[in-house]
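Peer 1: I'd like to ask some things about the structure below.
Taken together, the values in this text are just the output of simple stated rules run on the coordinates, not laboratory data. Bear in mind the structure is a predicted one, so any value in this text is a computation, not a measurement. Note that we place each Cβ from the backbone using ideal geometry, even for glycine, and neighbour counts take in every protein chain shown.
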Amino acid sequence: MFCIKRNAQGEIVMLSKEPSPECNDTIAADSPEVFAFLAQQTGESAQFIASDLAFVRVVEDMLEVLLEKGVISFTDLPAAAQSKILERKSLRSKSSVNLLSDDGDIF
């Protein structure tokens, strides 16, 4: 969990590991809002965060290929991993964002 401060529009403007007078609302560490906030930050650490977010998308697509080819089975994964995968698949299907085209080429 993170502690956050929101602006008048409800957007995250400050993120903290510890509660403070400014950051007294909480949010899950893996919330899409947290990732969006971190991706907007500047500097070297922000570059690592943006790189990590992009790399997660690559790993998701690789996992999907391994599952489709039967190299691994979904049920072989821990329950927590299965849950996160299903959540991400649901989010991606709603946004129709994919790294692989229908013919398997990477964009």
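Peer 1: Give me the one-decimal nm value for the distance between modelled label points at residue 47 and residue 91, 7 Å along each residue's Cα-to-Cβ direction.
Peer 2: 2.5
Peer 1: Another question, then. Compute the Cα gyration tensor for region 1-40, then decide on rounded, prolate or oblate, letting a ≥ b ≥ c be the square roots of its eigenvalues: rounded whenever a/c is under 1.5, prolate when a/b is larger than b/c in the other cases, and oblate in all that remain. Intermediate results must be reported in sequence, preceding the final value.
Peer 2: Working: a/c = 1.86, a/b = 1.16, b/c = 1.60.
Taking the square roots of the gyration eigenvalues as a ≥ b ≥ c, region 1-40 is oblate.
Peer 1: Rounding to the nearest 20 debye, state how big the charge dipole of the chain is about its Cα centre with +1 on each Lys and Arg Cβ and -1 on each Asp and Glu Cβ.
Peer 2: Using only the charged Cβ atoms, the result is roughly 260 debye.
Peer 1: Here are several values of Cα extents along the principal axes in Å: (i) 51, 30, 26; (ii) 36, 34, 25; (iii) 65, 28, 19. Which one was derived from the coordinates shown?
Peer 2: The listed entry that was calculated here is (i).
Peer 1: With runs of 4+ DSSP H residues as the only contributors, calculate the mean residue ellipticity of the chain at 222 nm using -39,500 (n - 2.57) per run, divided by the residue total and rounded to the nearest 500. Don't skip to the answer; put the middle values down first.
Peer 2: Working: 3 runs with 51 residues, N = 107.
Taken over the chain, the calculation gives -16000 deg cm²/dmol.
Peer 1: Let me ask you something else. Near residue 31, within a Cβ-to-Cβ distance under 12 Å, what is the net charge of the other residues, with Lys and Arg +1 and Asp and Glu -1? Can you show the working numbers first?
Peer 2: Details: positive: none; negative: 25, 30, 33, 87.
Result for the local shell: -4.
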